[in-house]
1. Search the range 321-335 for residues being under 23 Å from the mean Cα position of the chain (by Cα) and among the aromatic types (Phe, Trp, Tyr), and hand back the single one that is farthest from Phe302 (Cα to Cα).
2. For the range 228-256: of the residues being open to solvent by 10 Å² or more (accessible area, probe 1.4 Å) and of a type in the set (Gly, Ala, Ser), which is modelled with the highest pLDDT?
3. Only residues that are over 30 Å from Gly431 (Cβ atoms), among the hydroxyl-bearing types (Ser, Thr, Tyr) and open to solvent by 10 Å² or more (accessible area, probe 1.4 Å): list them for the range 343-385, please.
4. Scan the range 1-19 and report the pairs whose first residue is among the small types (Gly, Ala, Ser) and whose second residue is at pLDDT 85 or above and open to solvent by 20 Å² or more (accessible area, probe 1.4 Å), with Cβ atoms within less than 7 Å and a gap of 6+ or a chain change.
5. State yes or no: is Gly390 open to solvent by less than 10 Å² (accessible area, probe 1.4 Å), under 22 Å from Arg71 (Cβ atoms) and at pLDDT below 85?
6. Only one of (1) surrounded by fewer than 21 Cβ atoms within 10 Å (Cβ to Cβ); (2) touching a residue at least 24 places away in the same chain (Cβ under 8 Å); (3) over 23 Å from Gln154 (Cβ atoms) fails for Ile31. Which number is that?
7. Residues Ala37, Ala93: which one is over 30 Å from Leu198 (Cα atoms), touching a residue at least 40 places away in the same chain (Cβ under 8 Å) and over 22 Å from the mean Cα position of the chain (by Cα)?
8. Across the range 138-150, which residue is nearest to Gly187 (Cα to Cα) among those that are open to solvent by 10 Å² or more (accessible area, probe 1.4 Å) and part of a helix (DSSP H, G or I)?
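The values are calculated or read from the model by the stated rules, or taken from the named source; none is laboratory data. Values in this document were obtained by computation on a predicted structure and should not be read as measured data. When we count neighbours, we look across all protein chains shown, and the Cβ atoms used for this are built from the backbone with ideal geometry, even at glycine. The protein model used for the area step is the full one, side chains on, heavy atoms only, and it has no ligands, DNA or RNA in it. Shrake-Rupley method; radii C 1.70, N 1.55, O 1.52, S 1.80 Å.
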Amino acid sequence: MSSWGKVLVAGSGFLADAYALYIMGLVQSVIFQQYPAASKDEEKKLKSLITTAALIGAVIGQVFFGFLADRLGRKRVFVCTGSLIVVAAILSASAQEDLVQSWGPKQIFFQIAAAQLIMGFGIGGEYPLSATITSESASAETRGRTMALVFSMQGLGYLVASIVNLTLVAVGTSKEVTWRFCLGFSGVMPAISLYFRLRMHETTAFQRASAGSGSAPSQPTETAWMYRWHVLGTALSWFLFDIVFYANSLFHDDITSALGAGTLLLEARNTLIIVLIMLPGYWAAIASLDRLGRKNMQIVGFAMMTVLFLICGLAYQELKKVVWLFVLIYGLTFFFSNFGPNTTTYVVPGEIYPTRLKATCHGISAASGKAGAALGTFCFPFLNPSTPAGLQNAMLVCSATAVLGLLGTLVFTPRYKAQDLEPDEVDVVQGRTVHFVPLRLLKSDVSTTVVPVENSGPRRNRAKPLLRQGEETPSSLSPACR
């Protein structure tokens, strides 16, 4: 399979993952209409159980499969994660209300929660796998845009979920058919992609790194220590962003009220409108990533989120009176989230780490993001956002958290261009597959002797790059630290 074929498989997988996560939230209201809870409090707890199960599964999957992919290879683990998603989709769609007679109808929610735990486990592994496979299958010139393109499949996954849900509700299918079809459809695309995943070849970068990984067993540990601040940076940025991103859901009731709500059809329509608001940010990120730069985009995203949430916190009541302005600001929070840290927190850890650590470090970073989402989900209700004053306080907290994300980006995110990551002569001699980009504010560096190159222009202290996409490492050189 060609490099672009691998990228397409990774992109389709990420689309399916986004669909699976988003559709669960959409069909919960349908399920609870068919199987009403005894009280609003019980309904809230059951919804939380399902959401938490998927979240816990994702955190474990991101770390576990990221670690595994750096040891067993990308292909085998990618097949495993896809298979888990297919199994989980089947289990979700086939949940029964009378499997255990003594439990009553609400047992269906326990079965769905168990299936979502498996679903989250598989989807969690897809994050580091899709990023790593895409990064290692693209050239330096196209890598960033290609990774952003794969990540934008998240938005398309949301769109497909909204369209499927709206279509089923609009044509008048029964509640049971609607939620079972929506959940079962989660496994269709992963099942198709399994055929192509099985036909994939292992990435050239991993094969090259694995060829002599045992030559210097102590050096991978040294390399991991060298990147300690980078891991803190990518993990912290994703953690803080997902706390702030949770705030978008706090607007949902107000937006749907402004657009009109009350029936399943109106809810499905409003969800589709909200998803369409999300998409431009992804497209702008693809177009701007190489021109504006990863770090600059993340800075702009966090800065604009700081301003927008501050406006919402200070002028919430006034904004609600002007519907078009309220919807515009709501759309801008999505735009700058997707244009900025939502995309860059996925791209940066997929680029800056060496081959033998790439999936592991990306998985740790992604898991930190899910931990941030969990923290936001747990803490924001204490601010009582169901009241106007509580919602304003929540917006101000989000603005302050975005400031922390901005500061963390300035300190812990490296500034680089794609070509800066290409290994030079010193890297090749020391067995590195990615050139180390230091954090300037921390003055972190790499213990190497730089080989000057004549006529190297403004980069005279940088050794001449030797390796490019698809080239082999000379057999006489040390293959350690990949």
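1. Tyr330
2. The residue in question is Ala235.
3. Restricting attention to the range 343-385, the residues satisfying the condition of being over 30 Å from Gly431 (Cβ atoms) are 343, 369-385.
Pick out the ones that are also among the hydroxyl-bearing types (Ser, Thr, Tyr) and you get 343, 377.
Thr377, the sole residue that qualifies.
4. Final answer for the pair search is Gly11/Leu149; Gly11/Met153; Ser12/Met189; Ala16/Met189; Ala18/Met153; Ala18/Tyr158.
5. Here the answer is no, as Gly390 does not meet what is asked.
6. For Ile31, the failing item is (1).
7. Exactly one residue qualifies, and that residue is Ala37.
8. Step by step, filter the range 138-150, then rank; the result is Leu149.
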